[in-house]
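Read through the structure below, which is laid out as structure tokens, and then see the notes.
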Amino acid sequence: MKKALLFFILAGLTAIGANAQTKKLWTERDGFQWYEIYGSGGTTSAESINGKTLIPLSRGYSFICYHSEEYGMGYFSVEKNGKKGACDIKGNEIIAPEKGYDKVYLSIDSPKIGYFSVEKNGKEGACDIKGNEIIAPEKGYDKVFLRIDSPKIGYFSVKKNGKEGACDIKGNEIIAPNYESIIYYNGFKYKDAYGKWIPLGITLDDYDLASKFKPSKNWISNNKSNNNKSTSTPTSYYASASFKDFSLEYNVPNGGRKMLKANYDLEVKGRKGHKMIVYFDIYNENDFRIMRVYTKLSKANYETTLWSNNWIGIYNDALNAQQGTHTYYAQLSVVDKKTKETLANSTKIAFEMTGNQQYYNHTPQYNIPPVNNYPQPNNNNYNNNQGGNYSISCTRCGGDGRCRGYGNTTAYMSLHCMGTGKCSTCSGKGYTINHYTGNNMTCPTCNGNGKCKQCGGSGICQKCGGSGKE
């Protein structure tokens, strides 16, 4: 009888201990919901909203955190004994903390390409999407970054002691980190002391990048609220897009002005009935975007839709060529207007511009032709020919429709209200301080009415009327 009583007491204590576990519901920014359960001894686990165990307590993780990534993908970062690891959203362990990494971070560059950046003892490395180590931190690189130049061309940019080199997609060092800067377009090039790009005579072979870097369906965060039903489009993960025959033309006349014109064909699969937006971006040599314009394409009418003979342009006086000769990069990207997903990025075309004004030169000089020499699009009409039907962001307001000056020139910006409608001198008060007497005085800019002199208090860009487009 005593043994039976003791058994029931112990069983009751065990049940109380189990029920004492703390359970917290997390709702992530992408809609993914999950429970975090805190066990004894500082361990934690994860459970789906329908009660299925994702990450069991038995793994001994001391920390679990969900990360919402782009393109509808996410993952769990985990920690054990101070070391980091990663799991997919179904709880499958991708990188075990026992590998000893101090940092683990997933980078998703497109719906098809992703990799893990890892760090150990202050040095970086890389793992593929399945957790296989490609570049060990023990190689001593300070920086490791995956660069994708086409669906079948990719490499790792590596840096050591401030110098750049490259490893191939398998992790083999093919260019020692001895250069100030390296780019790849039809072969590797390095920048010499005069700022010119010099070919190294090294090219990359085609490689099936998806075999190492394509996330599986276990990365799609569709375990959401509303009775665990996904709000994402079932076909979104399998959609694909590609730019074809992307080329540049310089100083093309248009409406009395000249422009940099991008010609392209675009193929989109798996987005029937969706509208597409194509962005035309210009980056400086530090990979900072300095200009963006866009065009809205018509709906994709077929499972595979081809928009042919398309073009989009940026006026020369909006290109913001910096003083001196610099290398710039042109790139196109396509976004599904409905889902906001970036479906594809084109390769980058490198070119040079020379500016000779103090801030920005509105009539840049192009020093070299496009690096690639794709033939210009012909006149064949496939599914949808958008031709020159494009929208260019207003070169004065940058596309936001607010009252502002040209570009980023501080002298112009300070005279405008940036959309507030208030005088930029007195901030709408109608008076300012006379610095000689210390007394208030009527604002000389707005004559005391407190309204922006440029827009009359409307806050609207005077060039585009608030539309943000030219």
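The values are calculated or read from the model by the stated rules, or taken from the named source; none is laboratory data. Values in this document were obtained by computation on a predicted structure and should not be read as measured data. Every residue, glycine among them, receives a Cβ derived from its backbone with ideal geometry; neighbour counts consider all protein chains shown.
Pull up the stretch 190-225, narrow it to residues that are of a type in the set (Lys, Arg) and in contact (Cβ under 8 Å) with a residue 60 or more places away in the chain, then point me to the one that is farthest from SER68 (Cα to Cα).
So the residue we want is LYS191.
Quick check on my filter: what residues within the stretch 164-181 are of a type in the set (S, T, N, Q) and within 13 Å of LYS139 (Cβ to Cβ)?
Residue satisfying the conditions is ASN172 alone.
Restricting to the stretch 132-157, name every residue that is over 20 Å from the mean Cα position of the chain (by Cα) and either buried (at least 19 other Cβ atoms within 10 Å of the Cβ) or in a strand (DSSP E or B) (or both).
GLU133, ILE134, ILE135, PRO137, TYR141
Just give me the residues in the stretch 293-339 being touching a residue at least 40 places away in the same chain (Cβ under 8 Å) and at positive phi, in sequence order.
ASN309, ASN320 - these are the residues of the stretch 293-339 that are touching a residue at least 40 places away in the same chain (Cβ under 8 Å) and at positive phi.
Restricting to the stretch 90-128, count the residues that are part of a loop (DSSP other than H, G, I, E, B) and surrounded by 22 or more Cβ atoms within 10 Å (Cβ to Cβ).
1
Taking only pairs six or more apart or across chains, which ones have beta-carbon atoms under 8 Å, a first residue in the stretch 263-284 that is over 17 Å from THR339 (Cβ atoms), and a second residue that is of a type outside the set (Gly, Ala, Ser) and part of a loop (DSSP other than H, G, I, E, B)?
ASN263/GLN376; ASN263/PRO377; TYR264/PRO377; ASP265/PRO377; ILE282/LEU319; TYR283/LYS348; ASN284/GLN322
Go through (1) buried (at least 19 other Cβ atoms within 10 Å of the Cβ); (2) in contact with a helix residue (DSSP H, G or I) (Cβ under 9 Å, 6 or more places away or on another chain) for ARG257 and report which single condition fails.
Of the numbered conditions (1) buried (at least 19 other Cβ atoms within 10 Å of the Cβ); (2) in contact with a helix residue (DSSP H, G or I) (Cβ under 9 Å, 6 or more places away or on another chain), the odd one out for ARG257 is (1).
Suppose we filter ASN218, ASN226, ASN251 for residues that are assigned to a loop (DSSP other than H, G, I, E, B) and at pLDDT below 85; which single one remains?
ASN226
Can you confirm whether the stretch 194-201 contains a residue that is exposed (fewer than 15 other Cβ atoms within 10 Å of the Cβ) and in a strand (DSSP E or B)?
Yes, the stretch 194-201 contains a residue that is exposed (fewer than 15 other Cβ atoms within 10 Å of the Cβ) and in a strand (DSSP E or B).
Give me a count of the residues in the stretch 31-74 that are in a helix (DSSP H, G or I) and surrounded by fewer than 18 Cβ atoms within 10 Å (Cβ to Cβ). Steps first, please.
Quick first cut of the stretch 31-74, residues in a helix (DSSP H, G or I) only: 40-42, 57-59, 70-72.
Filter again for surrounded by fewer than 18 Cβ atoms within 10 Å (Cβ to Cβ), leaving 40-42, 57-58, 70.
Within the stretch 31-74, residues that are in a helix (DSSP H, G or I) and surrounded by fewer than 18 Cβ atoms within 10 Å (Cβ to Cβ) number 6.
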